[in-house]
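Engineer: This is the structure I want to talk about, given as structure tokens.
The values are calculated or read from the model by the stated rules, or taken from the named source; none is laboratory data. In this text the structure is predicted, and so the values were computed from the model without any measurement. Neighbour counts run over all protein chains shown; Cβ positions are idealised from the backbone, glycine included. Please note that ligands, DNA and RNA were not included when accessible areas were found on the heavy atoms of the full protein model with its side chains. Shrake-Rupley method; radii C 1.70, N 1.55, O 1.52, S 1.80 Å.
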Amino acid sequence: MEERLLVQDLSKRYGQFVALAPTSFSLKAGEIATLSGQNGSGKTTLLTCITKLIKPSSGKVVVDSFDMAVDELEVRRRMAFVPDVQRFYTTLTAWEHLRYVAMANNALDGFDQRAEMLLKEFGLWETRDHFPHNYSRGMQLKLSLTLALIRPFTVLLLDEPTSALDEESVSLLLDKVLALRDQGVSVLMSSHNPIIKQQFGDRQFLVEEGVLREV
Amino acid sequence: MRALHWIRSRQEMEELSYWLSLVSYNPKDRSLDNRIYLVYLLVFFSVWWFMVLVWFAGTGASLLALVFPSAILPGTIGLELIIILIWFLTLMVLSLLRSPVAFSEEDAYLVCQMPLKPRGLVLRWSLMPWVRSVIPFLILAMVLGFSLAEVDLARQGGTDPDIFAYIVRGLRAALAMLPLHLAAFGLAWANGVWFMSRQRRKAAGIVPVVTIGVVGLLILSGALASFGAGLPSWMAAISDVLPAVLRAGFTEGALGSALRIAGLADLVVILLLYLSAGRFSPSQAAQETQSQETNRNLRRYGFTNRGQDRKTQKRLGVVRRSAWLPRWQGSAAAIWKDLLQSWRSVNLSYFYHLLIFFSVGLGLVFIPSLGGRIFLILTWALQATRFLTQRLKEDLTHWALLRQLPLKPLDFILADLAFPGGLLLLVSLLGMAAGSLLGNQPLLSAGLSLPGMIASTAGVSAFMIFRYSRIDLLLSGQAPSINELGVFIAAVCAVIPVAVYSLLPGFAGAIGGMVVSILIGFIALNAAGNAFRHID
């Protein structure tokens with residue numbers, strides 16, 4: 001299988017404090033990996049460094065042979081990330097958020113059908129014209145997931161996506177992730193959910209005090 | 001009640017600390033240095049305020065003599081009463097619409113859950129708002145007192161004033177204002193609390209209506225009588241009640257007895273407030289006021305964007321159906337988003353900015369001297385830097401969303417600046433066209449340089465914002481505003497082309513200004529793109 005995501009010596013330091021020790025791993029196409037660890041162990045730091053939401057202190061990230069340092073736009077076209085807490089625009093409705101992301105990703109073909117399907121699946125269809133700040137925490141997380149899923153990608157990173165979801169939504173999300181695996185998408189997901197940690201995915205990683213190891 | 005008093009005292013102390021922090025004084029610092037600094041502050045600000053008020057009084061005296069040439073004292077009293085009337089009516093309406101007793105979100109969780117006696121709560125919570133409300137009235141009364149002293153001095157032929165007597169005139173006027181303000185404030189609060197406790201039923205509305213009628217008539221009759229209007233006999237009978245108190249403050253009259261009578265009225269009003277608060281519900285008051293109180297605190301502590309966001313959220317409500325969904329792709333998505341956001345967040349300050357740009361455009365053509373134009377450009381830069389980067393800043397606060405979009409930094413910056421820049425260009429050109437018509441001056445030079453000037457201002461502003469952005473703050477929704485240095489550099493960049501076309505004559509100046517402006521704009525925008533890549 002081809003290598004979708006390659007992380008090489010990725011690290012993050014804040015002065016003397018090592019938030020993420022040099023980390024290397026790779027994910028093949030259609031591979032699902034879970035990331036667990038205590039609060040503050042460095043899971044979010046790893047994910048945000050991979051997506052370059054924060055600047056890593058060292059290392060490189062390669063997606064589908066495109067190096068983030070050289071072809072950042074190509075990597076961004078292929079990588080979707082769902083943060084644990086998403087901030088939404090005050091003046092845009094949920095539907096407009098989806099459309100904005102699709103427009104910016106040149107993904108308007110079939111947008112209406114895809115958006116309708118996703119929103120219906122996540123139970124947000126009836127409230128698509130609502131401003132997201134009126135959503136509950138769980139609904140905001142679902143919208144965050146649909147924002148990632150509305151655009152094309154080959155690597156999906158999820159930061160504690162089940163933290164505010166009800167059981168039905170968790171199983172829907174996991175079904176979605178399995179379906180994405182069948183399409184060749186690689187998924188890296190951090191979670192505190194014991195079922196996901198122990199039984200879900202092809203590989204399990206543990207982060208302890210900034211050090212990643214495979215279990 | 002002790003706990004309540006303790007909480008409120010801390011809040012009052014925090015409020016005081018906030019105001020003192022503006023002059024770098026920390027009330028918690030007990031060192032000798034700090035105490036000496038306090039004495040210095042007291043002396044400095046007493047003198048400073050006195051000078052400011054005397055300066056206002058000089059202008060006030062001229063205005064009073066102009067408006068009320070034959071009866072300055074009654075005219076001044078009438079004016080003061082009209083101001084009190086307008087304020088009282090506004091306060092009454094606001095108190096009736098929502099609880100006059102305001103609670104913050106913290107209060108709602110803490111104070112409103114405690115089994116407290118509502119009467120004590122209302123009285124204790126009224127102190128700070130009253131102090132906040134009375135200060136402008138005391139300043140007004142002192143200015144008017146000093147103004148009348150200035151008038152008397154002028155009448156006496158400008159002899160050297162007795163400074164002590166001069167200060168006493170202002171203080172007497174303020175002292176006379178104090179009980180009147182307290183009575184009006186207390187009545188508005190008592191009515192507000194009473195009406196709210198009765199769930200704002202129509203039948204309960206009779207009490208506030210009667211209060212507004214009686215108090216309004218009392219103040220209005222006093223004002224009209226002071227202006228020398230003929231009044232019916234029943235109105236004339238009550239017309240001197242309030243002017244008598246104010247007159248005692250402005251003249252050498254019996255201030256003591258006036259204050260005793262007004263003080264009695266205050267006691268009655270405080271009793272009314274106490275009685276009206278028997279069924280006061282703190283949780284209802286919190287529901288009605290916590291959002292407004294939180295916004296006030298956010299604004300005060302510099303979180304203006306968050307305060308503005310909350311206001312916009314409230315105004316927009318829950319649902320909005322999109323009417324315009326174009327099929328634009330790539331960085332044009334940012335233009336669509338900006339247009340939508342701007343349309344939904346238009347407010348008065350937006351029009352204020354546009355008015356400034358129109359006026360500066362007009363002035364740039366109309367004012368021939370370079371010095372005058374530089375002054376205009378400084379004003380323009382101050383407004384334009386903020387206007388142009390409003391959306392950019394907001395996008396930065398949505399870092400996780402923004403950073404994932406596959407857009408080149410420069411493309412994104414240009415798209416984000418396109419709408420405000422275009423609007424700025426259009427409004428400024430309209431202003432220039434108006435200036436050209438009025439002054440019969442050619443529009444060419446200024447018009448050709450304008451696009452480049454906007455590009456350079458936008459580029460510099462964006463550069464400075466990116467330069468001072470920190471990712472950890474952006475991820476928590478906080479983007480920096482443009483600082484004074486940024487405004488200064490933007491102004492300098494905008495002045496250069498203006499200087500070129502002002503100093504070079506004719507067509508050469510116009511083309512020179514345009515080329516220079518475009519060059520600076522190009523450099524500034526590219527620097528901004530580069531700074532975006534390096535946000536850390």
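Engineer: Apply the a/c threshold of 1.5 to the C-alpha gyration tensor of region A:59-121 and tell me whether it is rounded, prolate or oblate.
Structural biologist: Since a/c reaches 1.5 and a/b is larger than b/c, the shape of region A:59-121 is classed as prolate.
Engineer: Something else about it: Taking Cα atoms, how many degrees apart are the long axis of helix B:163-197 and the longest axis of chain B, rounded to 10 and kept between 0 and 90?
Structural biologist: In chain B, helix B:163-197 runs at an angle near 90 degrees to the longest axis.
Engineer: Let me check I've understood the local charge: for B:Asn530, count other residues with C-beta under 15 angstrom from its C-beta, Lys and Arg +1, Asp and Glu -1. What total comes out?
Structural biologist: Here the charged neighbours net out to +1.
Engineer: Taking R0 as 41 Å, what's the FRET efficiency between B:Ser9 and B:Lys314 from their Cβ-Cβ distance, rounded to 0.05?
Structural biologist: Values: r = 31 Å, r/R0 = 0.76.
The pair B:Ser9/B:Lys314 has a calculated efficiency of 0.85.
Engineer: Summing Lys, Arg as +1 and Asp, Glu as -1, what charge do residues with Cβ under 14 Å from the Cβ of A:Pro194 carry, A:Pro194 excluded?
Structural biologist: -1
Engineer: Over both sides of the B-A contact, add up the buried accessible area with a 1.4 Å probe and give it to the nearest 100 Å².
Structural biologist: Result for this pair: about 4100 Å² buried.
Engineer: Averaging over every viewing direction, what projected area does the convex hull of the Cα atoms of chain B cover, in nm²? If you can, show how the numbers build up before the last one.
Structural biologist: Details: hull surface 136.1 nm².
Mean projected area of the Cα convex hull: 34.0 nm².
Engineer: Which GluC sites (Glu not before Pro) in region A:106-138 sit in a loop by DSSP (not H, G, I, E or B) and have at most 11 other Cβ atoms within 10 Å of their own Cβ?
Structural biologist: none
Engineer: A further question on this structure: Cut-off under 27 Å on the C-alpha distance; same-chain residues fewer than 8 positions from B:Lys117 excluded. Which lysines are left, in chain and number order?
Structural biologist: B:Lys202
Engineer: Compute from the Cα atoms of region B:2-298 the Rg and the Dmax, the latter being the longest Cα-Cα distance, and quote both in angstrom.
Structural biologist: 21.4, 65
Engineer: Provide a whole-number value for the mean count of partner chain Cβ atoms within 10 Å of the Cβ atoms in peptide B:466-475.
Structural biologist: Details: counts 0, 0, 0, 0, 0, 5, 2, 0, 3, 7.
Mean shielding count: 2.
Engineer: Let me ask you something else. Relative contact order (percent) for chain A, with alpha-carbon contacts under 8 angstrom and 6 or more residues of separation?
Structural biologist: Values: 409 pairs, mean separation 67.8, N = 215.
For chain A, the relative contact order is 32 percent.
Engineer: Related question: Taking a 21 Å limit on the Cα-Cα distance, which of the listed pairs A:Lys176/A:Lys197; A:Lys52/B:Lys337; A:Lys52/A:Lys120; A:Lys43/A:Lys120 fall beyond it? The partial results should precede the final answer.
Structural biologist: On the way: A:Lys176/A:Lys197 17 Å; A:Lys52/B:Lys337 24 Å; A:Lys52/A:Lys120 31 Å; A:Lys43/A:Lys120 31 Å.
Distance filter (> 21 Å) returns A:Lys52/B:Lys337; A:Lys52/A:Lys120; A:Lys43/A:Lys120.
Engineer: Mind giving me the nanometre distance, one decimal, between the label points for B:Asp240 and B:Leu503, set 7 Å out from Cα along Cα→Cβ?
Structural biologist: Those two pseudo-labels are separated by 7.2 nm.
Engineer: Provide the packing ranking of A:84-97, B:233-246, i.e. peptides ordered by the mean count of other C-beta atoms within 10 Å per residue, highest first.
Structural biologist: With the highest mean Cβ count within 10 Å placed first, the list reads A:84-97, B:233-246.
Engineer: For B:Lys314, go through the aspartates and glutamates and keep the ones whose alpha-carbon is under 15 Å away, minus same-chain ones fewer than eight residues off.
Structural biologist: Answer for B:Lys314, where 15 Å is the Cα cut-off: B:Glu288, B:Glu293, listed by chain and number.
Engineer: Can you tell me which of A:46-58, A:177-189 comes out highest on packing, and rank the rest after it, using the mean Cβ neighbours within 10 Å?
Structural biologist: Numbers: A:46-58: 20.8, A:177-189: 18.4.
For the peptides A:46-58, A:177-189, the packing ranking is A:46-58, A:177-189.
Engineer: Within 10 Å, count the other beta carbons around each residue, average over each peptide in B:110-118, B:383-391, and list them highest first.
Structural biologist: Highest to lowest by the protection proxy: B:383-391, B:110-118.
Engineer: Under the definition of partner shielding as Cβ atoms of other protein chains within 10 Å of a residue Cβ, what is the mean value for peptide B:324-331?
Structural biologist: 4
Engineer: Let me ask something else. Compactness ratio of the protein assembly as shown: Cα Rg over 2.2 N^0.38 Å, N = residue count?
Structural biologist: This ratio for the protein assembly as shown stands at 1.20.
Engineer: Can I ask one more? Run the numbers on chain B and let me know its relative contact order in percent, using alpha-carbon pairs under 8 Å that are six or more apart.
Structural biologist: Relative contact order here is 13 percent.
Engineer: Nearest 5 percent is fine: what portion of the DSSP beta bridges confined to the protein assembly as shown is antiparallel?
Structural biologist: Of all bridge pairs located within the protein assembly as shown, approximately 55 percent are antiparallel.
Engineer: If you roll a 1.4 Å probe over the heavy atoms of the protein chains, what accessible area per residue do you get for the protein assembly as shown, in Å²?
Structural biologist: Per residue, the protein assembly as shown has an accessible area of 47 Å².
Engineer: Where in region A:186-215 are there GluC sites (Glu not before Pro) that are in a DSSP coil and have at most 13 other Cβ atoms within 10 angstrom of their Cβ?
Structural biologist: The qualifying sites are A:Glu209.
Engineer: Against the longest principal axis of chain A, how steep is helix A:111-121, in degrees 0 to 90 to the nearest 10, with axes from Cα atoms?
Structural biologist: Helix A:111-121 sits roughly 80 degrees off the main axis of chain A.
Engineer: Here is a follow-up. Averaged across the residues of B:315-323, what count of C-beta atoms belonging to other chains lies within 10 Å of each residue's C-beta?
Structural biologist: What the average comes to for B:315-323 is 5.
Engineer: B:Ile465 accessible area, nearest 10 Å², 1.4 Å probe?
Structural biologist: The accessible area of B:Ile465 comes to roughly 0 Å².
Engineer: Please determine, in degrees from 0 to 90 and to the nearest 10, the orientation of helix B:72-97 with respect to the longest principal axis defined by the Cα atoms of chain B, where the helix direction is its Cα long axis.
Structural biologist: Relative to chain B, helix B:72-97 is tipped by roughly 70 degrees.
Engineer: Can you pull a Stokes-Einstein diffusion coefficient for region B:396-536 at 25 °C (0.890 mPa s), Rh from Kirkwood over Cα pairs, as a whole number of µm²/s?
Structural biologist: On the way: Rh = 16.1 Å.
Roughly 152 µm²/s, to the nearest whole number.
Engineer: With contacts defined as alpha carbon pairs under 8 Å and 6 or more residues apart, what's the relative contact order of region B:332-533 in percent?
Structural biologist: Answer for region B:332-533 is 29 percent.
Engineer: Counting other Cβ atoms within 10 Å, keep those with at most 14, restrict to DSSP loop, and tell me which GluC sites (Glu not before Pro) in region B:244-299 are left.
Structural biologist: Sparse-neighbourhood loop GluC sites (Glu not before Pro): B:Glu252.
Engineer: Can I ask one more? Of all the accessible heavy-atom surface of region B:456-531, with the other protein chains kept in place and a 1.4 Å probe, what percent is carbon and sulfur?
Structural biologist: Working: 2460 of 3320 Å².
Ligands and nucleic acids excluded, carbon and sulfur give 74 percent.
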